[in-house]
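Participant: Here it is: the structure, laid out below.
The values are calculated or read from the model by the stated rules, or taken from the named source; none is laboratory data. Worth saying up front: this structure is predicted, and the values here are computed from it rather than measured. Counting neighbours? That spans all protein chains shown, and the Cβs are built from the backbone with ideal geometry, glycine included. With ligands, DNA and RNA removed, areas are computed over all heavy atoms of the protein, side chains included. Shrake-Rupley method; radii C 1.70, N 1.55, O 1.52, S 1.80 Å.
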Amino acid sequence: MKIKHLLYSLAIVLCSFTASAQSKVGTVNINILVSKLPEIAQVKTGITAYEKTLQDDLDAKMNAYKTEVDAANKAFAGMTPEAKKKKQEEIFALENDIQKFRQNAAQLVQLKQDELMRPLYQKVGASVAEIAKAEKFTQVFTLDGNELAYASPVYDLTLKVAAKLGINLQEEKK
């Protein structure tokens, strides 16, 4: 009977030990939080201003192109074939420049948006990490992408794996 009692006690101790070793996982919707920050208005204003700058640049390129085409159309009658060919090449170069600018504009706007939004995501990320540490979460996943928003450094195996592979990560920090 004492053996049964001892086994039950041991089982309870083991269960409580494994329960305390379990990880605590949470979730957060970072995009909703970022969209509600007061700084988002400044970001939108910045993106709008940048888009306007790009549009003004495109308009200037279009006006230069139109002026060049109008001038070429007036001058073509008196030009030599070589001069016509050179002028046409100049016009085609302007067309290509406009086309490349249009293609790159969307990417440039996306890069600018990422640049302006990065501090907001960092601010929310820092708050998530602070709350996760305070409430002893080991991991926090985002609801909008199932990405890891926070992981307790206690569970980071990078240094252990680096040591096993013979890699010194301390030199990387310099």
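Participant: Please tell me if Gln113 is of a type outside the set (A, V, I, L, M, F, W, C), without any contact (Cβ under 8 Å) to a residue 40 or more places away in the chain and either open to solvent by 60 Å² or more (accessible area, probe 1.4 Å) or not in a helix (DSSP H, G or I) (or both).
Facilitator: no
Participant: So Tyr121 fits all but one of (1) among the aromatic types (Phe, Trp, Tyr); (2) over 29 Å from Leu148 (Cβ atoms); (3) open to solvent by 70 Å² or more (accessible area, probe 1.4 Å); what number is the exception?
Facilitator: So the condition that Tyr121 fails would be (2).
Participant: Name the one entry in Ala41, Ala105 that is part of a helix (DSSP H, G or I) and either of a type in the set (S, T, N, Q) or over 30 Å from Leu143 (Cα atoms) (or both).
Facilitator: Ala105
Participant: Give the residues of the stretch 128-174 that are assigned to a helix (DSSP H, G or I), free of Cβ contacts under 8 Å to residues at least 40 places away in the same chain and either under 21 Å from Val25 (Cα atoms) or among the β-branched types (Val, Ile, Thr) (or both), sorted by residue number.
Facilitator: Ala129, Glu130, Ile131, Lys133, Ala134, Pro153, Val154, Thr158, Val161 - these are the residues of the stretch 128-174 that are assigned to a helix (DSSP H, G or I), free of Cβ contacts under 8 Å to residues at least 40 places away in the same chain and either under 21 Å from Val25 (Cα atoms) or among the β-branched types (Val, Ile, Thr) (or both).
Participant: Let me ask something additional. From the list Glu171, Glu68, Glu89, exactly one residue is modelled with pLDDT of 90 or more and exposed (fewer than 11 other Cβ atoms within 10 Å of the Cβ). Which is it?
Facilitator: Glu89
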